[in-house]
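Peer 1: Structure incoming, see below.
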Amino acid sequence: MESYALLLAAFGAVVLLTAWLPMVLKKLPISLPMVCIGIGILLVWSPFSPFSGVNPFENRYLIERATEFVVIVALMGAGLKLDRPVSWRGWETSWRLVGIAMPLTIIGTALLGWSILGLGVAAALLLGAALAPTDPVLASDIQVGPPQSGKEDEVRFALTSEAGLNDGAAFPFVYLAIAVALSTASGEPFFTHWLLVDVVWKIATGLGIGWLGGKVMGYLTFRLPKRAGLSETKDGFVALGITCLAYGSTEMIHGYGFLAVFVAAVALRSVERQHHYHESLHNFAEQIERLLMMVLLVCFGVAIAKGSIFGALNWEVIATTVLMLFVVRPLSAWVGLIGFPAPSYEKGAIAFFGIRGLGSFYYLAFALGQARFEGETILWVTVCFAVLSSIVMHGVAVTPIMRRLDRHRRAGIRH
């Protein structure tokens, strides 16, 4: 009973900090995720630790489900706050980052895993697929502002839309790694099934169900007569219902639910782009996302403090992480943005802020539940170290870099 009460008190403190810390840290070179991990570490070192004898990161299934839920909530929030209508030219940076930069990042990271870490083809490909997508959860400091806030410059738009789209776009590569691992064990061919089902069907289903579902929910929210629309409820938790409905219905027919949730949010905005109710939906999704993110990162800090995550950390993992964060992602994004009409400093910021986060945990946990991969321990260590390094590096850099970009932009407008 005492341990339960202690855990409840710790959770209450985390909830209060969820509301208070973003305001306090707004102008400091410290991010909320960094503080969350620090809280987890301090909880373990405390003599009153509620995590005595428990490591939350030792349960693969729990990691998969918890990170899955926080990512889909974050995807809904990311889609709702994008004011820009979908178009080929308006979303050009998004298509470039997802269609060019992400595959290049997967290939580059997989090569690092194969050459430096000594992983096999399947495991190296899984490492690349898990670490290539940018994270919609931890990237809130570099995303656009709330709906209709006007905070949607090209850098913030590119990073927000990329984080929304590439979580679904990375899945075919995760399934390719699973297919290679299963084929290696059984000797059965896999390419045709992977191409037709895991690429064509699942992507088409995610896009189709997401767009249709978003349009239908938009009609039910804004277009029903006689004040019968969902917008009249003024309840922000409707966003959670739309999120779960879009994700669950798409997954039931074996589509990419991550993609469907983001597309549904974008489609919902397109039905009635200027309605004030979008802000209520976004604010609720953001609050839930931030609370879940804090809880999960506190658990990550607990696992770090217990020493079980980085027991196998070595120079190969460190070298792979450094090269991925400082060479592979920036170079891949820069190549993807060649020819795009934007100042070089904006392209550099987009290329640099390839934040890794909870989505990487999800992809790895999901894949390890579908097939056996060699080097599972080194995969976990590398992903965890890459996420931790990204949180610290990007968390320290985001405030000064984004502030300088805003000054450049205002100076350009004045002249």
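Peer 1: ARG60: closer than 21 Å to GLY369 by Cα and at pLDDT 90 or above, yes or no?
Peer 2: no
Every residue, every condition in (1) modelled with pLDDT under 90; (2) under 30 Å from MET217 (Cα atoms); (3) open to solvent by less than 30 Å² (accessible area, probe 1.4 Å); (4) not aliphatic (A, V, I, L, M), yes or no:
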residue	(1), (2), (3), (4)
PHE284	yes, yes, no, yes
VAL302	yes, no, yes, no
LYS306	yes, no, no, yes
LEU313	yes, no, no, no
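Peer 1: Within region 157-191, how many residues turn out to be in contact (Cβ under 8 Å) with a residue 40 or more places away in the chain and in contact with a Ser or Thr (Cβ under 8 Å, 6 or more places away or on another chain)?
Peer 2: Residues that pass the stated criteria total 8.
Peer 1: All but one of (1) aliphatic (A, V, I, L, M); (2) under 28 Å from ARG407 (Cβ atoms); (3) buried (at least 20 other Cβ atoms within 10 Å of the Cβ) hold for VAL381, so report the exception by its number.
Peer 2: Just one mismatch for VAL381, condition (2).
Peer 1: Anything in region 291-311 that is over 16 Å from SER389 (Cβ atoms) and of a type in the set (Gly, Ala, Ser)? List them, or say none.
Peer 2: Hits for region 291-311 are ALA305, GLY307, SER308, GLY311.
Peer 1: When you go through (1) modelled with pLDDT under 95; (2) surrounded by 23 or more Cβ atoms within 10 Å (Cβ to Cβ) one by one for THR320, which number turns out not to apply?
Peer 2: The failed condition is (1).
Peer 1: I'd like the full set of residues that are free of Cβ contacts under 8 Å to residues at least 24 places away in the same chain and exposed (fewer than 14 other Cβ atoms within 10 Å of the Cβ), limited to region 202-230.
Peer 2: Result: LEU224, PRO225, LYS226, ARG227, ALA228.
Peer 1: Any idea which residue in region 385-408 is farthest from LEU159 (Cα to Cα), counting only those that are buried (at least 23 other Cβ atoms within 10 Å of the Cβ) and of a type outside the set (Gly, Ala, Ser)?
Peer 2: Here the residue is VAL387.
Peer 1: Also, quick follow-up: Look at region 61-102 and say how many of its residues are more than 15 Å from the chain's Cα centre (by Cα), touching a residue at least 12 places away in the same chain (Cβ under 8 Å) and open to solvent by 10 Å² or more (accessible area, probe 1.4 Å).
Peer 2: Residues in region 61-102 being more than 15 Å from the chain's Cα centre (by Cα), touching a residue at least 12 places away in the same chain (Cβ under 8 Å) and open to solvent by 10 Å² or more (accessible area, probe 1.4 Å): 10 in total.
Peer 1: Quick check, is VAL317 more than 25 Å from GLY40 (Cα to Cα) and not basic (Lys, Arg)?
Peer 2: No; evaluated as a whole, the condition is false for this residue.
Peer 1: Just the residues that are part of a helix (DSSP H, G or I), buried (at least 16 other Cβ atoms within 10 Å of the Cβ) and hydrophobic (A, V, I, L, M, F, W, C), please, taken from region 183-196.
Peer 2: Within region 183-196, TRP194 is the sole residue that qualifies.
Peer 1: Same structure, new question: Which residues, taken from region 348-378, are touching a His at 6+ places or on another chain (Cβ under 7 Å) and open to solvent by 10 Å² or more (accessible area, probe 1.4 Å)?
Peer 2: Across region 348-378, the qualifying residue is only ILE355.
Peer 1: Still on this structure: Filter region 231-258 down to the residues that are outside any helix (DSSP H, G or I), open to solvent by less than 20 Å² (accessible area, probe 1.4 Å) and not aromatic (Phe, Trp, Tyr), then identify the one that is nearest to LEU220 (Cα to Cα).
Peer 2: The extreme case among them is GLY236.
Peer 1: Which one is nearest to GLY210 (Cα to Cα), of the residues in region 148-170 that are open to solvent by 10 Å² or more (accessible area, probe 1.4 Å) and of a type outside the set (S, T, N, Q)?
Peer 2: LEU165
Peer 1: Right, something else. Mind checking which helices (runs of 4 or more DSSP H) fall wholly inside region 86-177 and carry at least 2 residues that are modelled with pLDDT under 90?
Peer 2: 154-169
Peer 1: If I ask for residues that are of a type in the set (D, E, K, R) and under 19 Å from the mean Cα position of the chain (by Cα), which ones from region 341-387 would you list?
Peer 2: Hit for region 341-387 is ARG356, nothing else.
Peer 1: Taking the options VAL266, VAL199, VAL261, name whichever one is outside any loop (DSSP other than H, G, I, E, B) and either surrounded by fewer than 18 Cβ atoms within 10 Å (Cβ to Cβ) or basic (Lys, Arg) (or both).
Peer 2: So the residue among VAL266, VAL199, VAL261 that is outside any loop (DSSP other than H, G, I, E, B) and either surrounded by fewer than 18 Cβ atoms within 10 Å (Cβ to Cβ) or basic (Lys, Arg) (or both) is VAL199.
Peer 1: Which of the residues that make up region 23-38 are open to solvent by 30 Å² or more (accessible area, probe 1.4 Å) and closer than 13 Å to MET293 by Cα?
Peer 2: MET34, VAL35
The values are calculated or read from the model by the stated rules, or taken from the named source; none is laboratory data. Owing to the predicted nature of the structure, the values given are computational and were not obtained by experimental measurement. Using ideal geometry, Cβ is built from the backbone for each residue, glycine included, and neighbour counts are taken over all protein chains shown. Surface areas here come from the heavy atoms of the whole protein model, side chains and all, with no ligands, DNA or RNA. Shrake-Rupley method; radii C 1.70, N 1.55, O 1.52, S 1.80 Å.
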